[in-house]
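S.K.: Questions regarding the structure given below will be posed in turn.
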Amino acid sequence: MSEANKTDAGRHLSKIMQNAYMDLHTRAKEGAFVVWIAINVPAELFYGFENLVYAVPESHAAMNAGKGVGAVQCEKAERIGYSMDLCSYARIDIGCAADGGRDSPSFGLPKPNLLVSNNNNCSLLVKWFDVHHREMGVPHFIIDVPFCYGPQKEKDRNYIIRQFYDLIQTIEDLSGQRFDWDKARQALDYTNRGIVHWKRFLSHARHRPSGITAFDSFVQMAPFLIMRGTPEFEAHYKLLADETEQRVKAGDFPVPDERYRLFWDNIAPWHQLRDMSSNLADSGANIIGATYTSCIGTVEGSFDMYPYDGRDPMRYLARTQNCYICPHGMGLRRRAMRQAVETLGIDGIVFASNRSCKPYSVTQMDQQKFMSEHLGIPSVMVDVDHADVRKYSKESTFTRLEALLEMIDAKRAA
Amino acid sequence: MIEKIKALKGQGKPVIGCFPLYPPLELFHSLGLNPVVLWRLKGEGGQTGESDRHLQNYTCSVARHMTEFLLSEESGAFLDGIFMYNACDTLRNMPEIIEGGLETAGRSVPFFNIHIPMVPPAQTDGDEYLKNEVNRLIEELEACFDRKFDSVAFQNSVAQFKRLRMLYLQAEAAVANGGIGFREFAGVFRKAAGMPVEQQQGILEPLLSQYAENSKNQDKAGIILSGILPPPDAMVEAMESSGLRIVGNDIAALHRSYADMPQPGAEPAAYYRDFYFNHYPCPTLLYSGDRRVQALLERCQQTGAKGVVFIGEKFCEYEYFEFPYLEKKLGGQGVQTLLLELAVDDEDHSAAHGARIEAFAEMLSTS
């Protein structure tokens, strides 16, 4: 999308993302302690340190895919022996790192002093970060988050909290910096207020026609991944929510003649956002919500905001560790999806079966059956890979999406 | 496997199916249960029709065959309980898929689940967490099966499994010096798998008593097999007929399962602390990653292996993330590597790998 066609929030997003990556490289060069993290490592804790920057390889990989160089980076990893069956984020990141950041829109990521992975979204992240740990000789801290089939248990929360304390101690030992609780609390306040605006932004999907598309929300997730805990994070999401609100009031909708309200399940297909969005819009269809973006700022089993109460930051951060879709079981996923489908008035669901993300995908066949049999919601399963365009077939996907729209029509006609 | 489970049922003890590979077998045994590790279930009908209704075709064969096994009326119906601990991203979703499938079929089986801490012990102390998990499991098993934990019985079970592991290591040593062929060894393992520990010992002991230290085939190039499942017989045959001698293995269902010799004791939490945290390295035990490379290099040195053949289980991301680095490190030590990949239906067609195996054997013989 050209700058001229972007919304104010879209332009602001480009600017702050560019600044964030420039700041990352600059501060790393000036001697800041650099941490590479999995997306849901509690980044707010890092603001308790005076001179620390963090980078998020998954987000960087998504950006590569979105900018059209995902497959190029994947091929670099494949040439050094990494199987094409492995997660495309991992292949992009490993390939990019092995090639010194070449072809990356941000010139790669600065070399880390510490790697912090976890196993809540996926255990293979630990294996992925182990690759860097071994190749770069950098320490690797593993956060172990027990998978949950019901609401997170107190025993698990306490275990996670203990690890957070160990993480702080590890950084203190490695960086020589002291942790400041007040700064970490302040960072969590920024995150919390930013998420309030994020939820406000997403709520405009309830409007008929929807005030947003899921594709907008996918793109706008980026600050959540790399800028949590900052005033810029809060300010950006306020701008986004305010602008969207004004557009809805003004009758400015992304798909004005919206006839099909769809819901997306899985990671965004970063290489297809614009194409998929515009093609669906031509048919009067809008993917108005997604599990991927709705789970932010929640706890497992619900897409409602789980606010920070201003008290113990460790408890809050630990409590929200299972909120992303992958760290909890099918029953909880089902409950949240059902809530979203009913709240948003969804006509059909697109289950994106994603070879690169088995933890997200592996329950989808049962989920699809449930949504059809118990809620009567038509759905389709499409094959995608979130970052490797070579594993995507536009023709096949759109044939299925068209079939979904026909199913919705048939249901309406019945 | 189904015939073995039926036989176990005939003994009057509840049968508990376990996955993945390193469950607390001694504990189940001490409570008067028959634990059966649900692994390598291909061949129990061979098809995956029921599993295919629940799992995409890019899940590994282990998950697909296990789901098929558990949901089929013929096999799954004989289990009195299912136990799992956290392993990979696919398997952690299995309980609800299986429970849902069973519910649809009008059946139910109690599920038991514990979380093994995956933190490196030097980083975070997971002892207390593991202790609570083990104690909770004991309480749940006691309540479900009307049993009472007995520390003397536990010590006896620990001794039985230690004896079994030692027998496997002796058999493996016999394979290394050529007294027993790997195919024969793997066949014995397959025969014993799923049997009570005492019967497994009864299968291994005669094998070892018959074996004579004759150090056959010492002129052949030694290789180590690595992967999560033993290769199919046809593949082993191709290796042995190509002039390769399998002198050791780093296979999850074999060496990684029995190489561990935890300190015997009467207290389950302490025993399993040693069992899990000092376990022979496996990609599924995330905290063992740093020890894994060294362990494989040492196995090559101990056995004099000139090559390592990785038996890649397609879609097992844990294993595949490690292959490139292992290949590099092994190569640095002069150990050649070959990666063979097996998918859900490939076992019957593994002879197709013959040409690559022959080429690898030629390379080793001339290196």
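The values are calculated or read from the model by the stated rules, or taken from the named source; none is laboratory data. It should be emphasised that the depicted structure is a prediction, and the values quoted were computed from it without experimental measurement. Here the Cβ positions follow ideal geometry from the backbone for every residue, glycine too, while neighbour counts run over all protein chains shown.
S.K.: Mind telling me which of the residues A:GLU232, A:GLU258 ends up being modelled with pLDDT of 95 or more, surrounded by fewer than 24 Cβ atoms within 10 Å (Cβ to Cβ) and either of a type in the set (Gly, Ala, Ser) or under 26 Å from A:MET371 (Cβ atoms) (or both)?
M.R.: That would be A:GLU258, the only listed residue that is modelled with pLDDT of 95 or more, surrounded by fewer than 24 Cβ atoms within 10 Å (Cβ to Cβ) and either of a type in the set (Gly, Ala, Ser) or under 26 Å from A:MET371 (Cβ atoms) (or both).
S.K.: Could you check, for the stretch A:38-56, whether at least one of its residues is more than 19 Å from the chain's Cα centre (by Cα), in a loop (DSSP other than H, G, I, E, B) and surrounded by 15 or more Cβ atoms within 10 Å (Cβ to Cβ)?
M.R.: Scanning the stretch A:38-56, I find at least one residue that is more than 19 Å from the chain's Cα centre (by Cα), in a loop (DSSP other than H, G, I, E, B) and surrounded by 15 or more Cβ atoms within 10 Å (Cβ to Cβ), so the answer is yes.
S.K.: Being within 8 Å of another protein chain (Cβ to nearest Cβ) and of a type in the set (A, V, I, L, M) is the filter here; which residues of the stretch B:289-338 pass it?
M.R.: B:VAL293
S.K.: Then there is this: Return the residues of the stretch B:147-201 that are of a type in the set (Lys, Arg) and either at pLDDT below 95 or over 15 Å from B:LEU254 (Cβ atoms) (or both); say none if nothing qualifies.
M.R.: B:ARG147, B:LYS148, B:LYS162, B:ARG163, B:ARG183, B:ARG190, B:LYS191
S.K.: Oh, and also: Within the stretch A:368-387, count every residue that is more than 10 Å from chain B (Cβ to nearest Cβ) and assigned to a helix (DSSP H, G or I).
M.R.: Total satisfying the criteria: 6.
S.K.: Condition (residue is of a type in the set (Gly, Ala, Ser), at positive phi and surrounded by fewer than 24 Cβ atoms within 10 Å (Cβ to Cβ)) applied to the stretch A:337-356: is it met by at least one residue?
M.R.: yes
S.K.: Identify all residues within the stretch B:111-127 that are within 19 Å of the chain's Cα centre (by Cα) and more than 7 Å from chain A (Cβ to nearest Cβ); write none if there are none.
M.R.: Passing the criteria: B:ASN113, B:ILE114, B:ILE116.
S.K.: Which of the residues spanning the stretch A:197-216 are charged (D, E, K, R) and within 18 Å of A:GLN339 (Cβ to Cβ)?
M.R.: A:LYS199, A:ARG200, A:ARG206
S.K.: Let me ask something else about it. On the given criteria, is B:VAL309 surrounded by 20 or more Cβ atoms within 10 Å (Cβ to Cβ) and touching a residue at least 24 places away in the same chain (Cβ under 8 Å)?
M.R.: yes
S.K.: Going by what's in this entry, would B:GLN170 be described as under 30 Å from B:ILE246 (Cα atoms) and among the polar types (S, T, N, Q)?
M.R.: yes
S.K.: Next question, about the same structure. Exactly one of (1) within 11 Å of chain B (Cβ to nearest Cβ); (2) touching a Ser or Thr at 6+ places or on another chain (Cβ under 8 Å); (3) not in a loop (DSSP other than H, G, I, E, B) is unmet by A:ALA340. Its number?
M.R.: With respect to (1) within 11 Å of chain B (Cβ to nearest Cβ); (2) touching a Ser or Thr at 6+ places or on another chain (Cβ under 8 Å); (3) not in a loop (DSSP other than H, G, I, E, B), A:ALA340 is out only on (1).
S.K.: Does B:GLU68 satisfy being buried (at least 20 other Cβ atoms within 10 Å of the Cβ) and either more than 9 Å from every other protein chain (Cβ to nearest Cβ) or at pLDDT 95 or above (or both)?
M.R.: So B:GLU68 fits the description; yes.
S.K.: What residue, of A:GLY95, A:GLY108, A:GLY100, is more than 9 Å from chain B (Cβ to nearest Cβ) and surrounded by fewer than 19 Cβ atoms within 10 Å (Cβ to Cβ)?
M.R.: Just one listed residue meets the conditions, A:GLY100.
S.K.: Could you count how many residues in the stretch A:138-152 are more than 10 Å from chain B (Cβ to nearest Cβ) and within 21 Å of A:ASN121 (Cα to Cα)?
M.R.: 3
S.K.: Every residue in the stretch B:8-35 that is in contact (Cβ under 8 Å) with a residue 60 or more places away in the chain, outside any loop (DSSP other than H, G, I, E, B) and either farther than 15 Å from B:HIS65 by Cα or within 14 Å of another protein chain (Cβ to nearest Cβ) (or both), please.
M.R.: Within the stretch B:8-35, B:LEU8, B:LYS9, B:VAL15, B:ILE16, B:LEU25, B:GLU26, B:LEU27, B:PHE28, B:HIS29, B:SER30, B:ASN34 meet the criteria.
S.K.: Filter the stretch B:133-158 for residues that are in a helix (DSSP H, G or I) and free of Cβ contacts under 8 Å to residues at least 40 places away in the same chain; which is farthest from the other protein chains (Cβ to nearest Cβ)?
M.R.: Ranking the candidates gives B:ALA143 first.
S.K.: Scan A:TYR324, A:TYR306, A:TYR316 and give me the residue that is in a loop (DSSP other than H, G, I, E, B) and either farther than 28 Å from A:ASP388 by Cα or charged (D, E, K, R) (or both).
M.R.: Answer to the check: A:TYR306.
S.K.: Right, something else. Just one of (1) in contact with a strand residue (DSSP E or B) (Cβ under 6 Å, 6 or more places away or on another chain); (2) in a helix (DSSP H, G or I) trips up B:TYR276, so point out which.
M.R.: (1)
S.K.: Can you confirm whether the stretch A:173-180 contains a residue that is at pLDDT 95 or above and within 14 Å of chain B (Cβ to nearest Cβ)?
M.R.: Looking through the stretch A:173-180, at least one residue is at pLDDT 95 or above and within 14 Å of chain B (Cβ to nearest Cβ).
S.K.: Would you mind telling me which numbered condition in (1) of a type outside the set (Gly, Ala, Ser); (2) closer than 22 Å to B:ASP260 by Cβ; (3) free of Cβ contacts under 8 Å to residues at least 40 places away in the same chain; (4) facing chain A (nearest Cβ under 10 Å) B:PHE185 fails?
M.R.: (4)
S.K.: For the stretch A:255-279, name all the residues that are among the hydroxyl-bearing types (Ser, Thr, Tyr) and in a strand (DSSP E or B).
M.R.: Within the stretch A:255-279, just A:TYR260 meets the criteria.
S.K.: Checking the conditions here, which among B:ARG245, B:ARG256, B:ARG291 is out of contact with any Asp or Glu (no Cβ under 6 Å at 6 or more places or on another chain), buried (at least 19 other Cβ atoms within 10 Å of the Cβ) and under 25 Å from B:ALA122 (Cβ atoms)?
M.R.: Result: B:ARG256 is the single residue among B:ARG245, B:ARG256, B:ARG291 that is out of contact with any Asp or Glu (no Cβ under 6 Å at 6 or more places or on another chain), buried (at least 19 other Cβ atoms within 10 Å of the Cβ) and under 25 Å from B:ALA122 (Cβ atoms).
S.K.: Inspect the stretch B:234-252 for any residue being under 21 Å from B:ALA159 (Cα atoms), touching a residue at least 40 places away in the same chain (Cβ under 8 Å), out of contact with any strand residue (DSSP E or B) (no Cβ under 8 Å at 6 or more places or on another chain) and not aliphatic (A, V, I, L, M) and give the result as yes or no.
M.R.: Among the residues of the stretch B:234-252, not one is under 21 Å from B:ALA159 (Cα atoms), touching a residue at least 40 places away in the same chain (Cβ under 8 Å), out of contact with any strand residue (DSSP E or B) (no Cβ under 8 Å at 6 or more places or on another chain) and not aliphatic (A, V, I, L, M), which makes the answer no.
S.K.: It is to be established whether one or more residues within the stretch A:37-46 are under 26 Å from A:PHE179 (Cα atoms), in contact (Cβ under 8 Å) with a residue 24 or more places away in the chain and among the charged types (D, E, K, R).
M.R.: The answer is yes; a qualifying residue exists.
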